[in-house]
Each structure stands twice: as structure tokens, then as C-alpha cells.
Amino acid sequence: MREIKFRAWNNETQKYVTVKPSNSIEANVSLDFETNYLTHWYQLILEQFTGLQDKNNVDIYEGDLITDGRFTDEVKFENGCFCWGGGVDWGMIEPRFVEIVGNIHELGNYDNTQ
């Protein structure tokens, strides 16, 4: 079973913040433990860990841009599975052959044809 964890992009600060699990559905703010910056949940874009690592043993999350050396695209969660490259799911590609080259927030527009 894969580890369930998230990272969050803060639209206001334009940086990733640390997300700690919470059992409270009433909590609508989060404290970034690295900066002590108080963040409201509506400012955040949550991205889930895929349970996989790239060829450099880096965790792959939704929103990451990955490449296999020929093609670059965004990791998404669609139709109940993590996929990339127009819907290619992880059953069709070996994660050990891909590499994270950035993410959609920090790189913005990207060319997916390399």
C-alpha cells in the first residue's frame, strides 16, 4: 500500500508549503512550519503523492512535469489513476525511466515535445 501524503502550492506566496495531516474538518488554516506563515486552505492547491519515485528516487506528485527523454508532460490524477502524456497510466510506463524536470507552477507553460 502506498503512503498517502500531499504537498501544497500557495498561490499567494508562489511557493510550496508543508502540509501536515489533520483530523479536524473544521481547520481552515495551515501553518507552514518552515516559515511560520499562516495559510488559508483556499490559497492552496493540494497535490497528492503518486506512491512512485523517478529514476533519481525523487517522489512524484500530481503537477510534476516528467520526461522519458522523448516526451515531457504533467502528472495528473484522472479516472481513478495517476497518468501522464495524454492519459498514459503508470501500468504502461516504468517510473524508473522517467525524471522530474519541474512542476506546472514554477515552470508555467512548457513545451511537451522536447
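When the residues of segment 1-10 are narrowed to those that are surrounded by fewer than 17 Cβ atoms within 10 Å (Cβ to Cβ) and closer than 13 Å to GLU47 by Cα, which ends up farthest from the chain's Cα centre (by Cα)? Checking each candidate, the answer is ILE4. Taken over segment 64-76, the criterion of being touching a Cys at 6+ places or on another chain (Cβ under 8 Å) and buried (at least 21 other Cβ atoms within 10 Å of the Cβ) is satisfied by VAL75 alone. Within segment 47-63, restricting attention to residues that are surrounded by 15 or more Cβ atoms within 10 Å (Cβ to Cβ) and part of a loop (DSSP other than H, G, I, E, B), the residue that is farthest from the chain's Cα centre (by Cα) is ASP54.
Annotation for segment 44-67: at least one member residue is modelled with pLDDT of 80 or more, out of contact with any Lys or Arg (no Cβ under 6 Å at 6 or more places or on another chain) and of a type in the set (Gly, Ala, Ser). In this structure, does LEU31 turn out to be more than 16 Å from the chain's Cα centre (by Cα), modelled with pLDDT under 70, outside any loop (DSSP other than H, G, I, E, B) and more than 23 Å from GLU3 (Cα to Cα)? Here the answer is no, as LEU31 does not meet what is asked. Among the residues here, ILE93 does not qualify as of a type in the set (A, V, I, L, M) and at pLDDT 80 or above.
The values are calculated or read from the model by the stated rules, or taken from the named source; none is laboratory data. Note that this is a predicted model, so its numbers are computed, not measured. Here Cβ is always computed from backbone atoms with ideal geometry, including for glycine, and neighbour counts include all displayed protein chains.
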